[in-house]
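Novice: Encoded as structure tokens, here's the structure I'll be asking about.
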Amino acid sequence: MTIQLEHSGAKGTVIRAFGNLLQASFDGDVRQGAVAHICLGDIKLKAEVIEIAGKEVKLQVFEDTRGIKLGTPVEFDNHLLEAELGPGLLSAIFDGLQNPLEKIAKEYGYFLPRGVYIPALDRTRKWEFTPKAKVGQKLSRGETIGTTVENRFQHQIMIPFSQYGEYTLTWVAPIGSYTVEEVIAKAKDEEGKEHSFRMLQRWPVKNQLQEGIKIRPTEMMDTGLRVIDTQFPVMKGGTFCSPGPFGAGKTVLQHHLSKYSSVDIVIVCACGERAGEVVEVLREFPHLIDPHTGESLMKRTVIICNTSSMPVAARESSIYLGATIAEYYRQMGLSVLLLADSTSRWAQAMREMSGRLEEIPGEEAFPAYLASRIAAFYERSGVLSLPGGKTGSLTIGGAVSPAGGNFEEPVTQATLAVVGAFLGLSRERSDARRYPAIDPLISWSKYGPAVSNELDAKLDVWGPCVKRTARILREGDEIRKRMEVVGEEGVALSDMITYLKAELYDFAYLQQNAFDKEDAYCPIERQLVMIALIYKIMQSELHFTSHDEARAFFLALQNRLKNMNYLPKDSEEFRRTRQEILTLIEG
Ligand code: ADP
Ligand code: MG
């Protein structure tokens, strides 16, 4: 089963090859960004036109280029690199060119042979279609023709986004089951020309898919990670990045967010990371349960994976494919989270290609357009006020893996310039096994004040407590540094107390055990209870006669507070421990 290709008629031949960059001469019309096929006997390798000069093009090939010779024929399509959009995307696992990997595994074993493309959406599966629009109704791109049920969502079948202008419906299919390729509606455009619509539509992945007006994010995305929700919150429709050195926990963090974030749909782009990790995701995900719905997590997830063993050009397409699928679901009024691990691998692919194109290099040999590409990617996020009155959001979070954990390098810097929250993982914290290793002393979030306003309504001391603890963490760190020089007894008792408060907050609240059933996910209601208690501790005037006495007191407090994280919130023991803590600080 392969896709029917629409050729533009243009044909060419390879005249030069340099890794996966080819130069070809051609006849006919070729578009910038068009898809091309390198014909090696029976197999056709997918490529993309990246530069046109006269009657020559430069092509980047998405596959292993072994066997390509001078004179190898090339065929050109008249469309850009596109994503297939429609019901059946959820639960799927795609590669960067949207080949469904599970199907490939069934038909060809684990590795995809070169030149094999399988349609992203199943052509035989039937979907129950319910018409919503009526004959005579005027509709434009993105407006709903009907719906189908995809897992627990009402999947909106919309006027294709590539169809601009107004359409008057002349026919809508009755309730029934249809494949994605069957016509479900017909309409006349403003010139009276008739068009047929199907559940399947296509969109060029590198172009932003957006119909509606961008509005300010107003709602927080609950992640169940205390250090994020309390200290560095993220809003639905916002952006964040998590740079960190190798092994600091970026992937574990992304997995956590994909499991627990309070969004409807999650798109996971595993881009250029180790193959073993990807296999792990594929093995683990189908067994995970969504804590918000009790259903299999896969039902709200799309996984796009390119491991480091796949050609680098496919990394770029996987990032754009992920963004396009995410935008498509946002148009239905859903909240979507797009996670990319890691954007550094994508940037490296850009660097490689730019080098082959002999472009003038920017910093660290990255292309000069690196920053604008990164900015354009994060700009695909946002809350949209949709034509039908609903809103949809797309939150984007990217892991960044700078060599040696050096945040001064171009990819981290370009990312920091555009995101709304910076969750920086530090080697210091991961070495000390202070997980998640998000360092509260370097991280920041621009969404803090807005989220505090939202949560202050539920707990009046939320905002003050967050500010207070942030200050205590900084002060505690300074005191710790001093203590390293002068010893514990060398600092004033009042400073020692500040230091112990900082340690208590870090150890018993910010740190969280990803592998404990109770602690892994801490919903916001639970964070509210804990913050109320922590505020009491932070505010309490404690008097001690010696450093040792202070240390012993905080140790007792710390053990109890930490223990609460492992107890169910409505258990008797949770309540009793809370009471013990109150007695300790009041006594
Ligand atoms: P990175 O993607 O930054 O290279 P990983 O996410 O793969 O790093 O994490 C490396 C290892 O660190 C994990 O295999 C795990 O043992 C440990 N680790 C990371 N985050 C946590 C966490 N939150 N809790 C416990 N262990 C963690
Ligand atoms: Mg990783």
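Since every read-out is calculated from the coordinates, none of them should be taken as a lab result. What you are looking at is a predicted structure, and each value in this text was computed from that prediction instead of being measured. Because the Cβ atoms are built from the backbone with ideal geometry, glycine has one as well, and the counts that use them run over all protein chains shown.
Novice: What pairs come up if the first residue lies in the stretch 388-408 and is under 11 Å from L338 (Cα atoms), the second is away from ligand 2 (no atom under 16 Å from the Cβ) and aliphatic (A, V, I, L, M), and their beta carbons are under 6 Å apart, counting only those six or more places apart or on different chains?
Specialist: The qualifying pairs are S393/V383; L394/A326; L394/V336; T395/M221; T395/L337; I396/L338.
Novice: Ok, one more. Can you tell me which condition L339 does not meet? The list is (1) part of a strand (DSSP E or B); (2) closer than 20 Å to K250 by Cβ; (3) more than 16 Å from ligand 1 (Cβ to nearest atom), and all the others hold.
Specialist: It is condition (3) that L339 fails.
Novice: Can you list the helices (runs of 4 or more DSSP H) lying wholly within the stretch 390-505 that have 3 or more residues being over 31 Å from the mean Cα position of the chain (by Cα) and away from ligand 2 (no atom under 16 Å from the Cβ)?
Specialist: Output list reads 462-486, 493-505.
Novice: I've got another one for you. Which ones in the stretch 401-414 are touching a helix residue (DSSP H, G or I) at 6+ places or on another chain (Cβ under 9 Å) and either away from ligand 1 (no atom under 16 Å from the Cβ) or under 22 Å from Q208 (Cβ atoms) (or both)?
Specialist: Within the stretch 401-414, P410, V411, Q413, A414 meet the criteria.
Novice: Further, regarding this structure: Could you identify the single residue in M530, M496, M483 that is farther than 25 Å from V252 by Cα and in contact (Cβ under 8 Å) with a residue 24 or more places away in the chain? Break it down stepwise before answering.
Specialist: Details: M530 fails: farther than 25 Å from V252 by Cα; M483 fails: in contact (Cβ under 8 Å) with a residue 24 or more places away in the chain.
Matching residue, one of M530, M496, M483: M496.
Novice: So is V149 assigned to a loop (DSSP other than H, G, I, E, B), more than 16 Å from ligand 2 (Cβ to nearest atom), among the hydrophobic types (A, V, I, L, M, F, W, C) and surrounded by fewer than 19 Cβ atoms within 10 Å (Cβ to Cβ) or not? I'd like the intermediate steps shown before the answer.
Specialist: Details: assigned to a loop (DSSP other than H, G, I, E, B): no; more than 16 Å from ligand 2 (Cβ to nearest atom): yes; among the hydrophobic types (A, V, I, L, M, F, W, C): yes; surrounded by fewer than 19 Cβ atoms within 10 Å (Cβ to Cβ): yes.
Here the answer is no, as V149 does not meet what is asked.
Novice: While we're here: Take the conditions more than 13 Å from ligand 1 (Cβ to nearest atom), within 19 Å of the chain's Cα centre (by Cα) and at positive phi and apply them to G237. Does it pass? Walk me through how you get there before you give the answer.
Specialist: On the way: more than 13 Å from ligand 1 (Cβ to nearest atom): yes; within 19 Å of the chain's Cα centre (by Cα): yes; at positive phi: yes.
Yes.
Novice: Which condition number in (1) crowded, with 23+ Cβ neighbours inside 10 Å; (2) away from ligand 1 (no atom under 16 Å from the Cβ); (3) part of a helix (DSSP H, G or I) is the one that R345 fails?
Specialist: (2)
Novice: Taking the condition of being among the polar types (S, T, N, Q), within 13 Å of ligand 1 (Cβ to nearest atom) and closer than 18 Å to K299 by Cβ, how many residues in the stretch 240-280 meet it?
Specialist: 1
Novice: Applying the selection to the stretch 227-251, what residues are closer than 24 Å to I265 by Cβ and more than 16 Å from ligand 2 (Cβ to nearest atom)?
Specialist: Once the filter is applied, which keeps residues that are closer than 24 Å to I265 by Cβ and more than 16 Å from ligand 2 (Cβ to nearest atom), the stretch 227-251 yields I228, D229, F232, P233, V234, M235, K236, G237, G238, T239, F240.
Novice: Next question, about the same structure. If you check R551 against the conditions, is it in a helix (DSSP H, G or I) and more than 21 Å from L584 (Cβ to Cβ)? Show your work before the answer.
Specialist: On the way: in a helix (DSSP H, G or I): yes; more than 21 Å from L584 (Cβ to Cβ): no.
Against the criterion (in a helix (DSSP H, G or I) and more than 21 Å from L584 (Cβ to Cβ)), R551 does not qualify.
Novice: Suppose we filter E295, E219, E280 for residues that are within 16 Å of ligand 2 (Cβ to nearest atom) and surrounded by fewer than 23 Cβ atoms within 10 Å (Cβ to Cβ); which single one remains?
Specialist: Details: E295 fails: within 16 Å of ligand 2 (Cβ to nearest atom); E219 fails: within 16 Å of ligand 2 (Cβ to nearest atom).
The unique qualifying residue is E280.
Novice: Check A120 against each of (1) surrounded by fewer than 19 Cβ atoms within 10 Å (Cβ to Cβ); (2) without any contact (Cβ under 8 Å) to a residue 40 or more places away in the chain; (3) within 16 Å of R198 (Cα to Cα) and name the one condition it does not meet.
Specialist: Failing condition for A120: (1).
Novice: Can you name the number of the only condition in (1) among the charged types (D, E, K, R); (2) touching a helix residue (DSSP H, G or I) at 6+ places or on another chain (Cβ under 9 Å); (3) buried (at least 20 other Cβ atoms within 10 Å of the Cβ) that E84 fails?
Specialist: Single failed check for E84: (2).
Novice: Can you find a residue that is in contact (Cβ under 8 Å) with a residue 40 or more places away in the chain and of a type in the set (G, A, S) anywhere in the stretch 44-66?
Specialist: No, that holds for no residue.
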